[in-house]
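One structure is given here, and the rest of the page talks about it.
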Amino acid sequence: MLKNTYAKLKNKEDVVVAYIGGSITEGAGSTDKRTKGWRSHATNWLAKTYPESKITEINATIGGTGSDFAIFRIDDVLKYEPDLLFIEFSTNDSETPECEEYEEAMIRRVLRISPKTDIVLVLTCAQRIFEKMLRGEYPDSYRSYHVLAEHYGLPLLDIGEEINSRVRAGEGDYMTYTKDSVHPNDLGHKILAAGAIRFLARELTLPLPVRREKYENARLVAAKDIKDTDFDYIDEPFVGESGQFGFGYLKASGEGHYIRSTFVGTTVGIVYLTAHDSGDIKWRIDGGDFSTLRLWDEYALRFDRVNYTVFANDLSCGEHTLEIVVTGESDERADGTAAQISAILVA
């Protein structure tokens, strides 16, 4: 997932997308490099899909060059602080045995200077490379891109396969999709762009959860924000054996003191202090039967500590009301009947 770019687009912030590569990413072969290459199609898709973010493109492509030159140019890209960087030299590096050293140097420089930049390694192809691959012969650049992508945890975008798969399926030959067996024509660039756009659409979307998204909106409702109560508000955090929590809490000890809070969610609970003077509370949801919770336990004989409990986590989606009432009772070993509540847990 392109985490940095995703976060900025979700927050409607401006995004800088940069491309460094050779002639295929420059747009060579198309009738207009500026508007009909796969690069421009991909940038335009971002702009149309996220209209509330300003998308700025940095085009650092130079035809006929490889990563051995790009390592000297990468700083000219990084000065724009790109959020998303496509690196494409797999075709021009295909016969450069030292390409992995150059490519890795470029990746490491980006990671050091601009660690928030999302890096995408791009594989393109040409007829001569495709024919070798059919014989099981893969160029040095293909091997190095796969090695580096795995080692650094980078996504690998194989848009060359978009044309290769069509040729293998008998949907034309390389000259159907390229101008000269290397540089895509307008159709070829559209096909490459389609692969890049599918990649972006996937990588800029949160994956489906392993489990249902029950706790995605989990949050704390702080004591100071609970208005329907006759508890006293204490403007200081809990401090106990288990550490410090919150910025204030509600406290009451007499029978009948209450808290009432309406929330939207399927889960609700409280954060409270288990202390030497803690007592019992009773609680209910949506006017149901009351249940009792003892806030004191035997550990309170030695120290106070922050504690929590979840009352329910299988409520129907929608609005609910939690009621808490002090009972005025406790364990006979407790020093009081206090209820000290710092927050309501809601999800």
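Just to be sure, is THR61 among the β-branched types (Val, Ile, Thr) and either under 15 Å from ALA193 (Cα atoms) or touching a Cys at 6+ places or on another chain (Cβ under 6 Å) (or both)?
Numbers: among the β-branched types (Val, Ile, Thr): yes; either under 15 Å from ALA193 (Cα atoms) or touching a Cys at 6+ places or on another chain (Cβ under 6 Å) (or both): no.
Considered against the rule, which asks whether it is among the β-branched types (Val, Ile, Thr) and either under 15 Å from ALA193 (Cα atoms) or touching a Cys at 6+ places or on another chain (Cβ under 6 Å) (or both), THR61 comes out as no.
Given the criterion open to solvent by 60 Å² or more (accessible area, probe 1.4 Å), out of contact with any Leu (no Cβ under 6 Å at 6 or more places or on another chain) and among the small types (Gly, Ala, Ser), identify the matching residue among GLY195, GLY188, GLY153. Can you show your working first?
Values: GLY195 fails: open to solvent by 60 Å² or more (accessible area, probe 1.4 Å); GLY188 fails: open to solvent by 60 Å² or more (accessible area, probe 1.4 Å).
None of the others qualify; the one that does is GLY153.
With closer than 30 Å to TYR6 by Cβ and in contact with an Asp or Glu (Cβ under 6 Å, 6 or more places away or on another chain) as the only criterion, which of ILE191, ILE163 stands out? Explain how you work it out, then say what you get.
Values: ILE163 fails: in contact with an Asp or Glu (Cβ under 6 Å, 6 or more places away or on another chain).
After applying the criteria, what remains is ILE191.
List the strands (runs of 3 or more DSSP E) inside segment 229-347, counting only whole elements, that have at least 1 residues being of a type in the set (Ser, Thr, Tyr), at pLDDT 95 or above and under 30 Å from ARG212 (Cα atoms). Walk me through how you get there before you give the answer.
Working: elements: 232-234, 238-240, 243-245, 249-252, 258-264, 268-274, 280-285, 291-294, 305-312, 319-326, 339-346.
The qualifying strands (runs of 3 or more DSSP E) are 258-264, 268-274, 291-294, 305-312, 319-326, 339-346.
Among the listed residues THR309, THR321, identify the single one that is of a type outside the set (Asp, Glu), within 39 Å of the chain's Cα centre (by Cα) and exposed (fewer than 13 other Cβ atoms within 10 Å of the Cβ).
Working: THR321 fails: exposed (fewer than 13 other Cβ atoms within 10 Å of the Cβ).
Within the list THR309, THR321, the selection yields THR309.
Given the conditions (1) more than 27 Å from the chain's Cα centre (by Cα); (2) in a loop (DSSP other than H, G, I, E, B); (3) among the aromatic types (Phe, Trp, Tyr), which single one is not true for TYR80?
It is condition (1) that TYR80 fails.
Read through the list (1) open to solvent by 60 Å² or more (accessible area, probe 1.4 Å); (2) touching a residue at least 60 places away in the same chain (Cβ under 8 Å); (3) closer than 30 Å to LEU2 by Cα; (4) not polar (S, T, N, Q), then give the number of the only condition that LYS214 fails.
That leaves (1) as the condition not met.
Of all residues being touching a residue at least 24 places away in the same chain (Cβ under 8 Å) and part of a helix (DSSP H, G or I) in segment 116-133, which is most open to solvent (accessible area, probe 1.4 Å)? Just the residue, please. Steps first, answer last, please.
Applying the first criterion (touching a residue at least 24 places away in the same chain (Cβ under 8 Å)) to segment 116-133 yields 116-130, 133.
If we keep only those that are part of a helix (DSSP H, G or I) too, we end up with 127-130, 133.
Details: GLN127: 54, ARG128: 102, ILE129: 5, PHE130: 14, MET133: 32 Å².
Step by step, filter segment 116-133, then rank; the result is ARG128.
I'd like the full set of residues that are of a type in the set (Gly, Ala, Ser), part of a loop (DSSP other than H, G, I, E, B) and open to solvent by less than 30 Å² (accessible area, probe 1.4 Å), limited to segment 38-77. So that I can check it myself, show each step before the final result.
Going residue by residue through segment 38-77, those that are of a type in the set (Gly, Ala, Ser) are 40, 42, 47, 53, 60, 63-64, 66-67, 70.
This time we only want the ones that are part of a loop (DSSP other than H, G, I, E, B), so: 53, 63-64, 66.
If the condition is that a residue be of a type in the set (Gly, Ala, Ser), part of a loop (DSSP other than H, G, I, E, B) and open to solvent by less than 30 Å² (accessible area, probe 1.4 Å), then SER53, GLY66 are the ones that fit.
The values are calculated or read from the model by the stated rules, or taken from the named source; none is laboratory data. Since the model is a prediction, treat every value here as computed from it, not as a measurement. Here Cβ is always computed from backbone atoms with ideal geometry, including for glycine, and neighbour counts include all displayed protein chains. These area figures cover heavy atoms from the full protein model, side chains too; ligands, DNA and RNA do not enter into them. Shrake-Rupley method; radii C 1.70, N 1.55, O 1.52, S 1.80 Å.
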